[in-house]
Amino acid sequence: MTHASEQRMNSASSRAGELYTAALRRPLFSPKAWIALAVVTMVLALLPLLNLMFPAGHALHVSAYAVALLGKFMCYALAALALDLVWGYAGILSLGHGLFFALGGYAHGMYLMRAIGQDGVYQSNVPDFMVFLNWKDYPWYWAFTEHFWYAMLLVVLVPGGLAFLFGYFAFRSRIKGVYFSIITQALTFAAMLLFFRNDTGFGGNNGFTDFKRILGFDITAPGTRATLYWVTLAVLLGALVLARAVTQSKLGRVLTAVRDAESRVRFIGYEPLGFKLFVWTLSAVMCGIAGALYVPQVGIINPGEMSTENSIEMVIWVATGGRGTLIGPIIGAGTVNGLKTWFTSVFPEFWLYALGLIFVLVTLFLPHGIVGLARRWMTRRQERAI
């Protein structure tokens, strides 16, 4: 090998190392993206104030329906962000995140049911569905749920504990790909059938509804609705910052390596089990918190939230916004659910066909989602400017 060729190889190697280092240090969001995120956050935070400060009919008034709808969308966005952590960065496609969402909702929902007190239809100390079934007392697994702090503990521990146990045995057995997706879907479907039974203490078909109070405040009062909205917005932003910290850390780089070439990661001395289990459990906890925030704003939780269709919809939210981008799933959740709200009010019987069409179009023409399209457009714009 000549001296000149050796120099060229060293130069190319040095250049590759610089590019790799730059890629590692590249921020997930650009300064412009942070500014845009701050502006959107301030606008969203302002909307409940416009509902409280201006009467109906005023040009600046925002309806209570719009505030509740956006609050629901933010809960969906949090669930989509949770799914992006495992699918976008670890390559784990879950078709069962609706289960974790519903478990968090049920844990909070039972606290809300117990807060009704004797204001139910039967004016009993137990919820109406228990009176209907001639139950005299709460089952053991609903003990202490009259305490808000304990219910919030269940919101975290139940989805997280189930995800940890399931993930441990699945990942230890090296189940991945389509097989893992099918198992998560089967687990969710089995849980839905269980929760539909009247004798399990979860309200059967109707689930939990007709909530009256939360922490002593009227749950239908405009001030309470606004507070729930702001809490949801704050949790969503906190989850986004946490997810960014995880994905930008060394842990996040290992997860990306596991996604791209798990066997090579194992070959060089890393055991993927712990990394996958951590992000899987964290994702389930985030999804459970999303469900807990969803219930008081929507006013109901039933086994339908565990349906396989709901879990598949979460996947479509992530794919539409842009997998592996964090901000993309949030945009995707808002976009798809906004279309769903409009479509189901105009052509309700055709929504599933429209949803399938969205997924096909995104797969064919937007493989990197809305965020990928925006990045491609900005890159072309910069190239033209040069």
Worksheet item: When you scan the range 118-207 for helices (runs of 4 or more DSSP H) that lie fully inside it, which ones turn up with 1 or more residues that are in contact with a Pro (Cβ under 6 Å, 6 or more places away or on another chain) and surrounded by 15 or more Cβ atoms within 10 Å (Cβ to Cβ)?
Response: 178-196
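Does the range 267-275 include one or more residues that are closer than 28 Å to residue 33 by Cβ, part of a helix (DSSP H, G or I) and either at pLDDT 95 or above or open to solvent by 40 Å² or more (accessible area, probe 1.4 Å) (or both)?
Narrowing the range 267-275 to residues closer than 28 Å to residue 33 by Cβ: 275.
After this cut, where a residue has to be part of a helix (DSSP H, G or I) as well, the list is 275.
Now drop any that are not either at pLDDT 95 or above or open to solvent by 40 Å² or more (accessible area, probe 1.4 Å) (or both), which leaves 275.
So far as the range 267-275 goes, yes, one or more of its residues are closer than 28 Å to residue 33 by Cβ, part of a helix (DSSP H, G or I) and either at pLDDT 95 or above or open to solvent by 40 Å² or more (accessible area, probe 1.4 Å) (or both).
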Practice prompt. With the checklist (1) open to solvent by 50 Å² or more (accessible area, probe 1.4 Å); (2) in contact with a Gly (Cβ under 6 Å, 6 or more places away or on another chain); (3) not β-branched (Val, Ile, Thr) in hand, flag the one item residue 347 doesn't pass.
Written response: (2)
Worksheet item: If the Cβ limit is 6 Å and pairs must be 6+ apart or interchain, which residue in the range 47-58 that is closer than 20 Å to residue 227 by Cβ pairs with which residue that is in a loop (DSSP other than H, G, I, E, B)?
Response: 47/62; 50/60; 50/62; 51/62; 54/60; 54/61
Item to complete: Would you point out which residue out of 251, 228 is farther than 30 Å from residue 117 by Cβ and under 25 Å from the mean Cα position of the chain (by Cα)?
Response: 251
Practice prompt. Please state which one of 358, 289, 386 is modelled with pLDDT of 95 or more and open to solvent by 30 Å² or more (accessible area, probe 1.4 Å).
Written response: 289
Worksheet, complete the sentence: residue 37 passes all but one of the listed conditions (1) closer than 29 Å to residue 225 by Cβ; (2) open to solvent by 70 Å² or more (accessible area, probe 1.4 Å); (3) modelled with pLDDT under 90; the exception is number (2)
Fill in: Positions within the range 361-372 being closer than 22 Å to residue 41 by Cβ and open to solvent by less than 20 Å² (accessible area, probe 1.4 Å), in sequence order
369, 371
Worksheet, complete the sentence: Per the filter on the range 235-261, residues surrounded by fewer than 18 Cβ atoms within 10 Å (Cβ to Cβ), touching a residue at least 60 places away in the same chain (Cβ under 8 Å) and within 21 Å of residue 171 (Cα to Cα) are 246, 253, 256, 260
Response to the item:
Selection from the range 34-83 of residues over 16 Å from residue 221 (Cα atoms) and not in a helix (DSSP H, G or I) yields 57, 58, 59, 60, 61
Practice prompt. Using the structure shown, decide if residue 66 is open to solvent by 70 Å² or more (accessible area, probe 1.4 Å) and without any contact (Cβ under 8 Å) to a residue 60 or more places away in the chain.
Written response: no
Worksheet item: residue 342 is checked against (1) touching a Gly at 6+ places or on another chain (Cβ under 8 Å); (2) among the aromatic types (Phe, Trp, Tyr); (3) open to solvent by 80 Å² or more (accessible area, probe 1.4 Å) and fails just one. What number does that condition carry?
Response: (1)
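Going through the range 217-226 one residue at a time, which ones are in contact (Cβ under 8 Å) with a residue 24 or more places away in the chain and surrounded by fewer than 17 Cβ atoms within 10 Å (Cβ to Cβ)?
Start the filter on the range 217-226 by keeping residues that are in contact (Cβ under 8 Å) with a residue 24 or more places away in the chain, which leaves 219, 222-223, 225-226.
222, 223, listed by residue number.
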Worksheet item: Taking into account only those residues within the range 80-115 that are touching a Ser or Thr at 6+ places or on another chain (Cβ under 8 Å) and open to solvent by 10 Å² or more (accessible area, probe 1.4 Å), which is nearest to residue 249 (Cα to Cα)?
Response: 89
Fill in: the range 297-339, subset among the acidic types (Asp, Glu) and closer than 18 Å to residue 360 by Cα, residue surrounded by the most Cβ atoms within 10 Å (Cβ to Cβ)
313
Fill in: Count of residues meeting criterion [of a type outside the set (Ser, Thr, Tyr) and over 21 Å from residue 270 (Cα atoms)] in the range 166-179
2
Worksheet item: On the given criteria, is residue 360 in contact (Cβ under 8 Å) with a residue 12 or more places away in the chain, under 23 Å from residue 79 (Cβ atoms) and in a helix (DSSP H, G or I)?
Response: no
Worksheet item: If residue 323 satisfies every condition in (1) closer than 23 Å to residue 185 by Cβ; (2) assigned to a helix (DSSP H, G or I) but one, which is the exception?
Response: (2)
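The values are calculated or read from the model by the stated rules, or taken from the named source; none is laboratory data. Worth saying up front: this structure is predicted, and the values here are computed from it rather than measured. FYI the Cβ positions are ideal-geometry reconstructions off the backbone, even for glycines, and counts take in every protein chain you see. What goes into the accessible areas is simple: the full protein's heavy atoms, side chains included, and nothing from ligands, DNA or RNA. Shrake-Rupley method; radii C 1.70, N 1.55, O 1.52, S 1.80 Å.
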